[in-house]
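In what follows, a structure is listed as structure tokens, so that the remarks can point back to it.
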Amino acid sequence: MPTREDLIEKLQCLCSSEESRAEVAAWAVSIIDDDSLRVTDRLVWDVLTRLGAVDLPAPDRDFLYTVVDFREWQFELSCSGP
């Protein structure tokens, strides 16, 4: 099961282009679709579902989410209590 630290790391990889949007989205969706995993941390689940959509296009720009969003999610994950 992914932790907040795992998600922060994935977001950092997105920001630095170490991993592609498609790779991170596939990773997130594989966790979301795994019925054997139970994500109990609501914030982890919320960010995980957003990560599953990081490769989706938006009507008015290349992608639905931007690096600004990734940094905000990192902040949420690192500053919010469990």
Neighbours by Cβ (under 6 Å, 6+ apart or cross-chain): first from segment 67-79, part of a helix (DSSP H, G or I); second among the charged types (D, E, K, R) and surrounded by 14 or more Cβ atoms within 10 Å (Cβ to Cβ): L77/R4
Test: residue in segment 13-20 that is exposed (fewer than 12 other Cβ atoms within 10 Å of the Cβ) and either aliphatic (A, V, I, L, M) or over 16 Å from V68 (Cα atoms) (or both): no
Matching option when the condition is loosely packed, with under 11 Cβ neighbours inside 10 Å and among the hydroxyl-bearing types (S, T, Y), among T40, T49: T40
Qualifying position, being touching a residue at least 24 places away in the same chain (Cβ under 8 Å), in contact with a helix residue (DSSP H, G or I) (Cβ under 6 Å, 6 or more places away or on another chain) and acidic (D, E), among D41, D55: D55
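Let's see how each residue does on (1) at pLDDT 95 or above; (2) out of contact with any strand residue (DSSP E or B) (no Cβ under 9 Å at 6 or more places or on another chain); (3) closer than 24 Å to S80 by Cβ; (4) among the polar types (S, T, N, Q):
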site: D6; (1), (2), (3), (4): yes, yes, yes, no
site: S20; (1), (2), (3), (4): yes, yes, no, yes
site: V24; (1), (2), (3), (4): yes, yes, yes, no
site: A28; (1), (2), (3), (4): yes, yes, yes, no
site: D35; (1), (2), (3), (4): no, yes, no, no
site: D55; (1), (2), (3), (4): yes, yes, no, no
Matching residues in segment 37-53 - criterion: being at pLDDT 95 or above and of a type in the set (V, I, T): V44, V47, T49
Candidate set from segment 53-68 (those that are out of contact with any Phe, Trp or Tyr (no Cβ under 9 Å at 6 or more places or on another chain) and surrounded by 11 or more Cβ atoms within 10 Å (Cβ to Cβ)); member that is nearest to L7 (Cα to Cα): V67
First in segment 12-35 and without any contact (Cβ under 8 Å) to a residue 24 or more places away in the chain and closer than 15 Å to A53 by Cα, second anywhere and buried (at least 18 other Cβ atoms within 10 Å of the Cβ) and small (G, A, S), Cβ under 6 Å, 6 or more apart: V29/G52; I32/G52
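The values are calculated or read from the model by the stated rules, or taken from the named source; none is laboratory data. Everything quoted here is computed from the prediction, not taken from an experiment. Every residue, glycine among them, receives a Cβ derived from its backbone with ideal geometry; neighbour counts consider all protein chains shown.
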